[in-house]
Amino acid sequence: ILFGEGYQLTKKKELMGGQYAAQECVTLVGTKLRAIENVRILGPERKASQVEVARTDAIRLGIKAPVRESGNIKGTSPIAIVGPVGAIYLEEGCIVAMRHIHMSPEDAINFGVEDGQIVKIKIDNNRGGIFEGVKIRVDKTFTLEMHIDTYEADGLGVGKEMGILIK
C-alpha cells in the first residue's frame, strides 16, 4: 500500500536475526496531525504492522505510546504511516520499545542471565546512571547489543564503544 502493489523493500543494512534496515522511509503522522518524516522501515515484513518510537517522538506526534516489548501491540496507540504511493492507518500499533539487550546463548551464560529476565544496567562513566527494566533477549542469531532510546543514551553519555555491566 505504501509503495505500490508488489513492491519489495530494498535492503540497506543487515541487522541481526535476519532483520535489516530498508532503504525506504515513510512519514509518521500522529492523531493531532503532527508528523515525523524520513523514518526508516525495518524488514522483513511482519505478521502485523507496528511502529516503534522514542518517548520524545511520541510526545512530538501527540500520542500516548505505551512502553512494550516489540510485537505486543494490543491496545496501543493509533498512528498513520504515509509512503510515496499510499497511506495506512493503524488503529493500534505504536509503542515505545522496552529497553532490551540482544545476546547469544553463550553471552547469556557468560553474563549469568536467561532469556526474558529483567535486569538493571549500570552506566559507569562521567554522567553515570542506572537503566532499570531492561529485558534480556537470547537467540543464537543475536549479537551482543543493548537497545535503548537515543535520547536515553545521549542523556547518560552512552556510546557504541561502551561495555555492559549487568546487575
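The values are calculated or read from the model by the stated rules, or taken from the named source; none is laboratory data. Since the structure is predicted, the reported quantities are computational estimates derived from the model, not experimental observations. Note that we place each Cβ from the backbone using ideal geometry, even for glycine, and neighbour counts take in every protein chain shown. Only protein heavy atoms, including side chains, enter the accessible area calculation; ligands, DNA and RNA are left aside. Shrake-Rupley method; radii C 1.70, N 1.55, O 1.52, S 1.80 Å.
Are any of the residues in the range 31-39 among the charged types (D, E, K, R) and assigned to a loop (DSSP other than H, G, I, E, B)? Yes, there is a match, as at least one residue in the range 31-39 is among the charged types (D, E, K, R) and assigned to a loop (DSSP other than H, G, I, E, B).
Taking every residue in the range 111-125 that is among the basic types (Lys, Arg) and pairing it with any residue that is open to solvent by 60 Å² or more (accessible area, probe 1.4 Å) and part of a loop (DSSP other than H, G, I, E, B), at least 6 positions away or on another chain, the pairs with Cβ-Cβ distances below 9 Å are LYS120/LYS167; LYS122/LEU165; LYS122/LYS167. In the range 82-104, is there at least one residue being part of a helix (DSSP H, G or I), free of Cβ contacts under 8 Å to residues at least 24 places away in the same chain and either touching a Pro at 6+ places or on another chain (Cβ under 6 Å) or farther than 26 Å from LEU33 by Cα (or both)? Looking through the range 82-104, none of the residues is part of a helix (DSSP H, G or I), free of Cβ contacts under 8 Å to residues at least 24 places away in the same chain and either touching a Pro at 6+ places or on another chain (Cβ under 6 Å) or farther than 26 Å from LEU33 by Cα (or both).
In the range 40-50, of all residues being open to solvent by 90 Å² or more (accessible area, probe 1.4 Å) and part of a loop (DSSP other than H, G, I, E, B), the one that is farthest from THR10 (Cα to Cα) corresponds to LYS47. Reported count of residues in the range 13-33, each being closer than 18 Å to PRO84 by Cα and open to solvent by 90 Å² or more (accessible area, probe 1.4 Å), is 2.
Please specify each residue of the range 99-148 satisfying the condition of being crowded, with 18+ Cβ neighbours inside 10 Å and of a type in the set (Gly, Ala, Ser). ALA108 - this is the single residue of the range 99-148 that is crowded, with 18+ Cβ neighbours inside 10 Å and of a type in the set (Gly, Ala, Ser).
Can you tell which of PHE142, PHE131 is of a type in the set (Phe, Trp, Tyr) and not in a loop (DSSP other than H, G, I, E, B)?
Residue meeting the stated conditions: PHE131.
All conditions in (1) modelled with pLDDT of 95 or more; (2) open to solvent by 20 Å² or more (accessible area, probe 1.4 Å); (3) in contact with a helix residue (DSSP H, G or I) (Cβ under 8 Å, 6 or more places away or on another chain); (4) not hydroxyl-bearing (Ser, Thr, Tyr) hold for ILE79, with the sole exception of (2). There is no residue in the range 152-161 that is crowded, with 16+ Cβ neighbours inside 10 Å and closer than 30 Å to GLY6 by Cα.
The single condition among (1) touching a residue at least 24 places away in the same chain (Cβ under 8 Å); (2) in a loop (DSSP other than H, G, I, E, B) that GLY75 does not meet is (1).
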